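Everything on this sheet refers to the single structure shown next.
The values are calculated or read from the model by the stated rules, or taken from the named source; none is laboratory data. None of these values were measured; they are calculated from a predicted model. Virtual Cβ from ideal backbone geometry, glycine too; neighbours counted across all protein chains shown. Surface accessibility is based on the protein's heavy atoms, side chains included, excluding ligands, DNA and RNA. Shrake-Rupley method; radii C 1.70, N 1.55, O 1.52, S 1.80 Å.
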Amino acid sequence: MLEKYHVPIAIVAGFILDFFLGDPYRMPHPVRFIGALISFLEKRLLNTEDSKLRQRAFGFVLVALVLLATGGISAGFLYLFYRIHFVAGFILELLLCYFCIAANDLKKESMNVLKKLQGSSIEDSRKALARIVGRDTQSLDEEEIVKAAVETVAENSNDGVIAPLFYMALGGPVLGMIYKAVNTMDSMVGYKNERYRFFGTAAARCDDIFGFIPARLSAFFAIATCPLLKLNARKAFKIFMRDRYKHSSPNSAQTESVYAGAMEIQLGGDAFYGGILEHKEFLGDDIRKPCAKDIKSACGLMYASSLLTLLIFCAVRFALTK
């Protein structure tokens with residue numbers, strides 16, 4: 001049975017490992033190598049004095065090289081380990097699945113923000129939040145800190161959990177690692193600032209494409225699990241249908257709108273990034289003010305929807321393997 005169903009079993013085992021252990025900081029992590037490769041190539045490909053077209057072209061080269069390297073190395077090691085012995089190959093496959101999922105760290109970091117809000121100074125909670133968001137946090141009040149944390153959990157429930165599960169179910173850990181490479185490139189160079197506006201276009205568009213289907217599945221799975229957590233599923237669906245495109249990214253507001261509706265709070269709004277004000281539309285209705293416990297609710301919704309995703313994707317993979 002293990003040999004026949006090794007992919008879904010490895011995915012489930014990887015999810016369980018992440019649930020109990022989180023990211024293995026003392027072990028070599030593939031995403032760190034991917035990040036190092038991106039930095040290495042960026043230094044050799046990016047010249048901000050080049051024309052817009054040339055910068056975009058070299059940005060495409062970066063994407064192609066990183067994806068080829070990530071997919072090729074992952075597939076090569078898996079092939080080699082399975083040639084040595086099935087058990088060796090399965091252990092590597094399990095570890096790669098484990099490395100692709102980031103639910104535990106997302107929960108741990110966001111709950112640390114909650115802990116600081118409840119037991120420390122506002123400054124400590126701002127510092128904790130700065131570990132997981134890209135916006136400026138030094139002047140945020142408690143309500144804004146909660147909103148930023150909930151938005152991060154909502155968006156990264158797709159980027160760090162649902163999307164990797166989706167791609168691993170489709171193509172095993174190799175496709176899962178390719179998705180992680182796409183997401184890592186977007187987080188490193190996919191910005192519209194002066195440095196990456198043209199060079200990062202390919203990485204940003206690639207992330208939009210890879211995240212398109214998973215983001216929408218994430219939204220529906222979150223809505224489906226709302227009743228389990230006594231959250232407002234009807235409101236979540238209503239706000240999703242109304243606000244899911246109120247974001248510069250085609251994917252980010254898909255899950256953020258669901259979380260806003262489910263908890264009956266308003267997310268989004270203007271924020272500062274590197275001292276520059278970025279105008280954003282509001283998501284959800286201002287029924288009540290966000291409070292610290294909403295961070296815990298967001299983490300619960302993230303895990304509930306992740307478990308539903310795991311069950312559905314692995315059940316489909318089992319069925320297709322017969």
For the range 160-285, shape from the Cα gyration tensor axes a ≥ b ≥ c, cut at a/c of 1.5 then a/b versus b/c, turns out oblate
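Rounded, prolate or oblate: which fits the range 1-121, taking a ≥ b ≥ c as square roots of the Cα gyration tensor eigenvalues, rounded meaning a/c under 1.5, else prolate when a/b beats b/c? Don't skip to the answer; put the middle values down first.
Numbers: a/c = 2.96, a/b = 1.14, b/c = 2.60.
Oblate shape, in that a/c is at least 1.5 and b/c is the bigger or equal ratio.
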Using 0.36 nm per residue, how much length does the chain from residue 121 to residue 272 gain when fully extended, once their Cα-Cα distance is taken away?
-> 52.2 nm
Reach of residue 296 by Cα under 16 Å, taken over aspartates and glutamates that are not fewer than 8 positions away in the same chain | 105, 109, 142, 143, 144, 151, 155, 256, 264
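With an 8 Å Cα cut-off and a minimum separation of 6 or more residues, compute the relative contact order for the range 1-152 in percent. Intermediate results must be reported in sequence, preceding the final value.
Values: 117 pairs, mean separation 40.3, N = 152.
The value is 27 percent.
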Theoretical FRET efficiency, 1/(1+(r/R0)^6), r = Cβ-Cβ of residue 241 and residue 130, R0 35 Å, to 0.05 = 0.60
Ranked highest first by the average count of other Cβ atoms within 10 Å around their residues, in what order do 276-283, 171-178 fall?
-> 171-178, 276-283
Amide H contacts of residue 272 (H built 1.01 Å from N, under 5 Å, at least 5 apart or other chain) | 136, 278
Rounded to the nearest 0.05, FRET efficiency between residue 281 and residue 193 (Cβ-Cβ, R0 22 Å) equals 0.60
Residue 212 accessible area, assembled protein chains, probe 1.4 Å, Å² = 100 Å²
What do you reckon, how do 42, 264 stack up by accessible area (1.4 Å probe), largest on top?
-> 264, 42
Given 0.36 nm per residue, what is the gain on full extension from residue 91 to residue 318 after removing their alpha carbon distance, in nm?
-> 79.8 nm
At q = 0.13, 0.15 Å⁻¹, what is the log10 ratio I(q)/I(0) for the chain, with the Debye formula run over Cα points and no solvent?
-> -0.99, -1.27
Whole-Å distance linking the alpha carbon centroid of the range 9-29 with that of the range 194-270 is 26 Å
